Each structure stands twice: as C-alpha cells, then as structure tokens.
Amino acid sequence: MICILCVLIIFALAGCKPASDAGAAPIKQPNTVTQQGSYHTLLVGDYQGTIAIADMLSRGNFGLGTYADLDGEMILLDGQFYQADERGQVKQPLLTTTTPFATVCFFTPEHASPITDPIRLIDMEIELLRVRLDADKLYAIKIKGDFGEVQYRSFPKQSPPYKPFTQVETFETRFTQRNVSGTLVGFYYPAWYGDLNADNFHFHWISDDKKSGGHVIDAAITQGSIEFCDMDQLLVMNPSPGFKRDDVVPVNEAEEMSRASEVIHEPLNTPSQASAVAPTDDIKDEPPRPGEPYPIPPRPEPPLPPKPEPTEDKSTEGATGLSHLE
Ligand SMILES: [Zn+2]
C-alpha cells in the first residue's frame, strides 16, 4: 500500500505523466492469497471439485484445503500437492484431481525465527498475536521442526447427495503422532472475513517422510523454526457453478451418530517405527483452551512452558521460543 501511495504521489508530482514513462517507480507485486470456493459453501455441503489442482499451482506453491468429495486433507508444500486420506496416510494426487476448496499462495517468508524452547501450538498462536501479527490482517505461516506431539484428523470420502459439513465431522478420525519431524502449513484469517474461510489459525500437518498428514487439532513443538509473510490481498474464485442447496439432503441423525462411533484402530506405520501413528480415541471432543492441560498423557520431557500473560505492549518480546522472532 505504501508503495502504491508512493507511485500515486510521483504520478501527481510529474504532472500526470503516463505510468509507462521512463523513471516511473515499479509497483510492488502484492502477496496474494488465492482461494477456490469458500468455507461457507463447504459448510453447507458443496464438495464438488471445481478446479484441477494443476491450475492452482499457477497461483501458489504453498497451501491447504481439501479434494473433491472431501477425499482427504490437502497440503501444498514446496510446489507439491499431498493428499492425507481418512487413515492419515499421505499420497501425491494426480494433477487432474479437483478441489472444491483450497487456499494457496507463493510463500516468500518476510519474517523468520528459530523456535528454541518447547511450546504448544495454541500458546505460540497467542504469542504471535501478542508480539508480531496484526489480528486484522491475513498471513501465511509455516512451522517446521521437531514435534513432541501432533494431533490431526481426516475424513472419509463423501458421495452425493452430500451431507452438511457439521454431520460429516462426526465421521472424523483423529490421530496422534509423537516425536516426529515435519511441517505445519497454515494461514491466519482475521475474523472479519466471516465464513469466507476458517477464521483464526488453520494448519495442516505433513511429516518429513511424507507418510502422514491431516488437519491439525493441536501440536507441541520441541524445536524448529517459524516463517510467515503478510499477505496484501485475497483473490476468491467462485465455488461450484452447479451447486444448489437442494444437493444437500437431511440424513437420519441417529444413524449418523451410530456410525460416528466407529473408529479405525490400525496403526499407519509399522510398529518398529519410533514415530508410529495411531488413531486417537482418548482426546477431548474440542481442542484445549489456553492454560488447560494437554489432553494426551504428558511425556517425561520436555515440559511445556506456561501460557504467557497477554499484554497490549507489542514492543515487548515474549519469554517463549519466539523471543527472537524477526
Ligand atoms: Zn483443515
């Protein structure tokens, strides 16, 4: 915005010369988040794929979302799409695979910091908003490192007529992976965007071995790095042109609840792997709030630091692993 104002001022001082004249200051290419579909249309049950993921690659190399028919959680990292299925297992989808909802950008970090002390994701989010992020702006965020625990989820593939997302959520399967290295791919959307996208922080997980991933519920980061960039603008592409509310039909709620009690009980990795993933059935229905104990029985070490006290003074850096955030 500052650069745009500079250009306008130069334009005015130059006697309204055309912008193409030699010497005109270049306009900074804005950091753009491109979004296919909206969170609202996803909530009401529009899971039809509307654009091939190959086309999304022209709009970003970093992002998240889902695939047609809610067939897995989408992770886009370093220009490669990954598809985490209902068992939390990851594969690389065909570029002809379509998506009803995806959020992507070209990730060019403007801020980076090491994470030197163990910290829960929710406490890191609080710290970021306290010392670094403007709660009313849009950000792309990447957290890479070693994780004491990651809790994540995925859904089974749906088929028409689609159920609303609130009913599909009852079919989710949760997983916990411990002592594992990987990356959280995410965005921060301010609340004023409403149902256009999931507000607040939204992360998808993928392990370094690219074998496991999903929508993040909670995480405990041992050490690593965080990078983020301010996104100047949001481009929203239209959702499915053929979607009608009539495509979503009511379902028998009792049957849904019965089926929702089914949980997959098979490990994703071989038992010999130290970071074996297992479905989680002992965690709360809702993610913990700040200050609540971590829902998984704590490991002997490392201990997680206490929640920082909120303060209005953003010039004061916190005492967590983000203390060197640049
Ligand atoms: Zn998600």
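The values are calculated or read from the model by the stated rules, or taken from the named source; none is laboratory data. Since the structure is predicted, the reported quantities are computational estimates derived from the model, not experimental observations. Methodologically, a virtual Cβ is constructed for each residue, glycine included, from the backbone with ideal geometry; neighbour enumeration extends over all protein chains shown.
Things worth noting here:
- All positions within segment 70-80 that are away from the ligand (no atom under 16 Å from the Cβ) and either closer than 24 Å to residue 160 by Cα or touching a Leu at 6+ places or on another chain (Cβ under 7 Å) (or both): 79
- When residues in segment 49-63 are screened for being surrounded by 23 or more Cβ atoms within 10 Å (Cβ to Cβ), more than 21 Å from residue 159 (Cα to Cα) and aliphatic (A, V, I, L, M), 1 of them pass.
- Residue list for segment 83-99, filter: under 24 Å from residue 38 (Cβ atoms) and surrounded by 21 or more Cβ atoms within 10 Å (Cβ to Cβ): 83, 84, 98, 99
- Residue match in segment 70-79 (condition: surrounded by fewer than 24 Cβ atoms within 10 Å (Cβ to Cβ), hydrophobic (A, V, I, L, M, F, W, C), at pLDDT 95 or above and not in a loop (DSSP other than H, G, I, E, B)): yes
- The set of residues from segment 182-193 being within 12 Å of the ligand (Cβ to nearest atom) and of a type in the set (A, V, I, L, M) comprises 184, 185.
- Residue in segment 123-138 that is within 16 Å of the ligand (Cβ to nearest atom), farther than 17 Å from residue 190 by Cα and surrounded by 19 or more Cβ atoms within 10 Å (Cβ to Cβ) present: no
- Contacts under 7 angstrom Cβ, first residue in segment 186-213 being assigned by TED's automatic domain parsing to the domain that holds residue 149 and outside any strand (DSSP E or B), partner β-branched (Val, Ile, Thr) and within 13 Å of the ligand (Cβ to nearest atom), 6 or more apart: 197/103
- Check on residue 177, more than 18 Å from residue 76 (Cα to Cα), surrounded by 20 or more Cβ atoms within 10 Å (Cβ to Cβ), in the same structural domain as residue 124 (by TED's automatic domain parsing) and in contact (Cβ under 8 Å) with a residue 24 or more places away in the chain: yes
- Taking the numbered list (1) buried (at least 20 other Cβ atoms within 10 Å of the Cβ); (2) farther than 27 Å from residue 231 by Cα; (3) of a type outside the set (Asp, Glu) in turn, residue 143 passes all entries but (2).
- Top-ranked residue in segment 194-239 [being of a type in the set (Val, Ile, Thr) and more than 15 Å from the ligand (Cβ to nearest atom); ranked as farthest from the chain's Cα centre (by Cα)]: 222
- Test result for residue 102, assigned by TED's automatic domain parsing to the domain that holds residue 178, among the small types (Gly, Ala, Ser) and surrounded by fewer than 16 Cβ atoms within 10 Å (Cβ to Cβ): no
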